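What follows is a single structure, written as structure tokens, with notes after it.
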Amino acid sequence: MGERDGDADLVEALRRDDPAAADRLVEQYGDRVYRLAMRITGVMEEAEQVAADALWTAASEIETLGRQSALGPWLRRLTVDAAQAKLRARRPDTNEIAFADVLPPLDGDGQHWDTVEDWSRRVNDETGAAGLGRAVTDAIEALPPDYRTALVLHDVEGMSPDDVAGILAVTPLTVKSRVHRARLLVRHRLSDHLAAA
């Protein structure tokens, strides 16, 4: 959601309460806001509500946007905040992923003894790949909100740990930790899915 040529004019129009400014905001950013909300929430109705909330907040609270700040990153942050609120409302009791839940067991010498299974033949097989997309989506949807958001912003949106940290108001190290644990949990759940297939 980078800054576009018309953002400065759009921001000023929103600040002047120009009647057409809200429509321009939706036209310029609506699809991107919705796609980000959908990637984080995974539920169409929730994504629609998140997008509407983020766009309404941007239009109604435009005065809180600093004069030197860009509209796109601010709108992304509003979208992420609203999407995370939806996720937390859905599962308020699950906020952390313990390494013990995602790492293979240790032997008596403290070494991981569980072998890593080769999924390549099943993934390339049409019957095995048929449910894989759904299994990946289910695994991501099962992540706690903070981990899911970090994974989506980093791995799906392609943002750097520093950029994700800025949006989530955490350190880049926290982002890296959350992304790593989220990947491990997704891998663990995919392994279970493929073992059952």
Heavy-atom surface of region 139-197, accessible at 1.4 Å and reported per residue (Å²) = 43 Å²
Rounded to the nearest 10 Å², what accessible area does His180 show when all protein chains are kept and the probe is 1.4 Å?
-> 90 Å²
Gained length - Asp23 relative to Glu61, 0.36 nm times residue gap less alpha-carbon distance | 12.1 nm
Give the calculated FRET efficiency between Val156 and Asp9 to the nearest 0.05, with a Förster radius of 25 Å applied to their Cβ-Cβ distance.
-> 0.25
In nm, what is the difference between 0.36 nm times the number of residues separating Val136 and Gln49 and their Cα-Cα distance?
-> 28.9 nm
Which translational diffusion coefficient, to the nearest whole µm²/s, is obtained for region 5-55 from the Stokes-Einstein equation, given a Kirkwood hydrodynamic radius over C-alpha pairs, 25 °C and 0.890 mPa s?
-> 214 µm²/s
Ala85 versus Ser69, label points 7 Å from Cα toward the beta carbon: distance in nm?
-> 1.5 nm
Using per-residue counts of other Cβ atoms within 10 Å, averaged over each peptide, order 154-167, 59-72 from highest down.
-> 154-167, 59-72
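The values are calculated or read from the model by the stated rules, or taken from the named source; none is laboratory data. No experiment lies behind these values; they were computed from the predicted model shown. Reconstructed Cβ throughout: ideal geometry from the backbone, glycine too, with neighbour counts over all protein chains shown. Only protein heavy atoms, including side chains, enter the accessible area calculation; ligands, DNA and RNA are left aside. Shrake-Rupley method; radii C 1.70, N 1.55, O 1.52, S 1.80 Å.
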